[in-house]
Amino acid sequence: MTDAAPHRHAPRPSGAAAPHDEAGPEAASPGSSRRAVLLASTALAAAGTAAPARARAAGTPAAPPPSGGGFLVGRGVADATGEIAEVGMMGYGRIDQQAEGLHTRLRARAFVVADDDGADGGERAALVVVDAPMIFESVHQAVLRRLAADYGDLYTHRNVLLTATHTHAGPGGHSHHTLYNLTTLGFHEKTFAAVTDGIVEAVRRAHQDLQPSELVLTHGELRGANVNRSREAFDRNGADVTGYFPDAVDTRSTLLRVERDGRLAGALNWFPTHCTSMSGDNRLISADNKGYAAYHWEREAGGGDYLTDDGPGLVTAFAQTNAGDMSPNLDLTPPTTPEDFARTRENGLRQYEAAAGQAGRAGTRLTGGVDSRLVYVDLSDVEVRPEFTGDGRTHRTSKPAIGAAMMAGSTEDGPAFPGFEEGENPFWDLVSDTVLYEVSPELRQAQAPKDVVVPVGAMNRLLPWVQERVPVQLVRVGALYLIGIPGEVTIGAGLRLRRTVAGITGARLDDVLVAGYANSYLHYVTTPEEYDAQQYEGGSTLFGRWQLPALQQVAAALATAMRDGRDLPLGPVAPDISDTALSLQPGVVLDTPPLGHAFGDVLTEPADGVRPGERAEAVFAGAHPGNDLHRGSTYLRVERRSGGAWTAVADDGDWSTTLRWRRQGVSASKVTVTWDVPPGTEPGTYRIRYHGDAKPLIGSPRAFSGTTRPFTVRA
């Protein structure tokens, strides 16, 4: 559903969507007005949704376009929302951050790009962006297995790039590695299934949507949407980094847009900023700032829907790149619950405006087909050659270890455990010395000067705590190169990776991007100089000081093989450890309605009349939301009476609605639904509907619904 009318837009931030230094002739003129940008992008979006999509059976390749160097491109969107109640949220590392409802649904957005001879076995790639905290190897493996079952060897390790937006307001519990399930009381099968189902469904829809398309690449600059949260570490870098980023921020906004018959059909944006606009005190599942940017373009500015009878409407994804030290919190203080909605929307709007501005500009039309490589590397044991270490000597990575600075958390976005500090930790330094006395000199050397708190590499021998065999990927679409790194790469580390690949392939540096949070998760990637500062990011660089040079060495091998047209062996693929995942949180045993009520009863009705900008709120006798995740559907609807029928104007995927769940007593639930009436909403008669599922003591959950009395939206 869409809101009844587009929301008003926030004032244009200073410097937003300004031309990039290296953008070239496609840059927008400095005098372009914000209104012109929004009108142009809205018109493009409306035109894009009008283009019909050809429905094809899964597994059936599309017919190739006429020759001429074009591409086949397909777009797909699917719901990837997991549990929204009594599940630990992933990102801040807080065991007290247990979900209590839903702000916005989480989506998987997929773009399949194929050579113009893709029907005859030409190369292709699937680029997927998921509103999720991380992509874990568990999800990566499951998705590839299911795609292989559907399409054979069409989509493989090599050409499927899964990336996460890194929202810190998503549910956890979908990893098979123990460390990431500590705050979620173990593995959550329902959330795991929702994430994998959503990704696979999005790729299927993109595959079915394959059509002749043009791909246009533009570069711009976005200021006022990120800040370096680890300046002390960044400033230790040499002039090769500090000279390139004089303000210690990466302001590049890169847009790959999909055009059909000259109309916008899709857009994929890369910009580095953490999805930490929603605070650690928030308890609602949310797609955070990048999710809002995509939602706003697709459904508010574009006025469309995710699926139409002809296929997906406009599909826009906002992906991460080297965001490891980039925070959206410009004042370098964590958001608080009263302000996190506003911060999320403001930052998302800035990313949207930069991307939409680029969508209205001339750019580079891509040719040259598609190519990809992927290898697994055991990052705990890499010999790094002198040409990558920077000191003319050979070094080795080591078994993974967690530093004291990691336990402290990023204090600018949300601190973690008390008793730890970024930088020096004298007490933990003493503990570290005690621990390291018992291990090899190689580990001591590789991890120094880290104060080791948790030697997870040694612990991996008993139980898989963190991943050691990790995938590194390189995907080329025309002149665009994407380096798939399964971690949080700082801008300095990202620059060195990009230069490594650009130097070998001959690509423009701006056309080489780090695709962070890709395919698996290994925590942070810092430069050796940043590592020495042992800020949060350095303490979270698990495999020691030489981890980035090791990844540069792997990226160089991928780039060389791609340049020379050679294949590479897949390497030591991460093992399937699904049989080790522990689930410690029991499921729902029984739902009962509050005393004296039935399921679906309205306990508190909305006010009789509200105006745009005000809130309509209702409380229902509900049930546990975990009984049915309503994936692809909704827990709620806001409906407007039109003639003799009720028409939905908003659902639980809309920014204007929230659902909050509270347990009452032992087995009863109260569900509060709110609707913030958007500016411009058409006056009339409205109602709120809630859809729940109650679990009896024996048997499966039973669906029910509740409906408020009608209320009026006044002008």
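Restricting attention to region 632-650, which residues are within 24 Å of D591 (Cα to Cα) and either surrounded by fewer than 17 Cβ atoms within 10 Å (Cβ to Cβ) or in contact with a Lys or Arg (Cβ under 6 Å, 6 or more places away or on another chain) (or both)?
G632, S633, R637
Only residues that are surrounded by fewer than 23 Cβ atoms within 10 Å (Cβ to Cβ) and out of contact with any Pro (no Cβ under 7 Å at 6 or more places or on another chain): list them for region 164-180, please.
Scanning region 164-180 gives a single hit, L179.
Check A148 against each of (1) part of a helix (DSSP H, G or I); (2) without any contact (Cβ under 8 Å) to a residue 12 or more places away in the chain; (3) more than 17 Å from R205 (Cα to Cα) and name the one condition it does not meet.
Only one criterion is unmet by A148, namely (3).
In this structure, is S667 over 27 Å from V77 (Cα atoms) and surrounded by 14 or more Cβ atoms within 10 Å (Cβ to Cβ)?
Judged against the criteria, S667 is a match.
Do you know which residues across region 88-127 are among the aliphatic types (A, V, I, L, M), in a strand (DSSP E or B) and crowded, with 24+ Cβ neighbours inside 10 Å?
Within region 88-127, M89, M90, A99, L102, A108, A110, V112, V113, A114, A126, L127 meet the criteria.
Listed here are the residues, each with its yes/no results for (1) among the charged types (D, E, K, R); (2) at pLDDT 95 or above; (3) closer than 26 Å to F136 by Cβ.
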{"residue": "W428", "(1), (2), (3)": "no, no, no"}
{"residue": "D433", "(1), (2), (3)": "yes, no, no"}
{"residue": "V466", "(1), (2), (3)": "no, yes, yes"}
{"residue": "V470", "(1), (2), (3)": "no, yes, yes"}
{"residue": "I504", "(1), (2), (3)": "no, yes, no"}
{"residue": "A515", "(1), (2), (3)": "no, yes, yes"}
{"residue": "Y524", "(1), (2), (3)": "no, yes, yes"}
{"residue": "P528", "(1), (2), (3)": "no, yes, no"}
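Quick one: is D676 buried (at least 23 other Cβ atoms within 10 Å of the Cβ), under 26 Å from the mean Cα position of the chain (by Cα) and at pLDDT 95 or above?
The answer is no for D676.
Among what's in region 679-701 and is hydrophobic (A, V, I, L, M, F, W, C) and within 17 Å of N627 (Cα to Cα), pick the residue that is surrounded by the most Cβ atoms within 10 Å (Cβ to Cβ).
It comes out as A694.
Here is a list: L154, L161. Which entry is over 12 Å from the mean Cα position of the chain (by Cα) and either crowded, with 23+ Cβ neighbours inside 10 Å or in a helix (DSSP H, G or I) (or both)?
L161
Starting from residues that are out of contact with any strand residue (DSSP E or B) (no Cβ under 9 Å at 6 or more places or on another chain) and of a type in the set (D, E, K, R), keep the ones in region 512-565 and report whichever is nearest to L162 (Cα to Cα).
Filtering first and then ranking leaves R563.
Each row is one residue, and each column tells you yes or no for (1) touching a strand residue (DSSP E or B) at 6+ places or on another chain (Cβ under 6 Å); (2) not assigned by TED's automatic domain parsing to the domain that holds Q141.
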position: V453; (1), (2): yes, yes
position: R469; (1), (2): yes, yes
position: Q473; (1), (2): yes, yes
position: T500; (1), (2): no, no
position: A507; (1), (2): yes, no
position: D510; (1), (2): yes, no
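Which residue out of A319, A293, A248 is in contact (Cβ under 8 Å) with a residue 12 or more places away in the chain, surrounded by fewer than 21 Cβ atoms within 10 Å (Cβ to Cβ), in contact with a Phe, Trp or Tyr (Cβ under 6 Å, 6 or more places away or on another chain) and not basic (K, R)?
After ruling out the rest, the residue left standing is A248.
One line per residue, one yes/no per condition, for (1) basic (K, R); (2) assigned to a loop (DSSP other than H, G, I, E, B); (3) over 23 Å from G484 (Cβ atoms); (4) touching a residue at least 24 places away in the same chain (Cβ under 8 Å):
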{"position": "P549", "(1), (2), (3), (4)": "no, no, no, yes"}
{"position": "Q553", "(1), (2), (3), (4)": "no, no, no, yes"}
{"position": "A556", "(1), (2), (3), (4)": "no, no, no, yes"}
{"position": "R563", "(1), (2), (3), (4)": "yes, no, no, yes"}
{"position": "R566", "(1), (2), (3), (4)": "yes, yes, no, no"}
{"position": "L570", "(1), (2), (3), (4)": "no, yes, no, yes"}
{"position": "P586", "(1), (2), (3), (4)": "no, yes, yes, no"}
{"position": "D591", "(1), (2), (3), (4)": "no, yes, yes, yes"}
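Could you list, in sequence order, the residues of region 437-477 that are in a helix (DSSP H, G or I) and of a type in the set (V, I, T)?
Passing the criteria: only V456.
Please determine whether any residue of region 335-356 is surrounded by 23 or more Cβ atoms within 10 Å (Cβ to Cβ), among the hydrophobic types (A, V, I, L, M, F, W, C) and closer than 28 Å to E468 by Cβ.
no
Table: residues versus (1) in a helix (DSSP H, G or I); (2) over 18 Å from the mean Cα position of the chain (by Cα); (3) at pLDDT 95 or above.
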{"position": "T196", "(1), (2), (3)": "yes, no, yes"}
{"position": "V216", "(1), (2), (3)": "no, yes, yes"}
{"position": "S253", "(1), (2), (3)": "no, no, yes"}
{"position": "R257", "(1), (2), (3)": "no, yes, yes"}
{"position": "H274", "(1), (2), (3)": "no, no, yes"}
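Only one of (1) farther than 25 Å from A132 by Cβ; (2) part of a helix (DSSP H, G or I) is not met by G544, so which one is it?
The one condition G544 does not meet is (2).
Could you grab me the full set of residues in region 349-366 that are outside any helix (DSSP H, G or I) and hydrophobic (A, V, I, L, M, F, W, C)?
If the condition is that a residue be outside any helix (DSSP H, G or I) and hydrophobic (A, V, I, L, M, F, W, C), then A362, L366 are the ones that fit.
The values are calculated or read from the model by the stated rules, or taken from the named source; none is laboratory data. Model, not experiment: these values are computed from the prediction. Don't worry about glycine lacking a Cβ; one is built from the backbone with ideal geometry, like all the others, and counts go over all protein chains shown.
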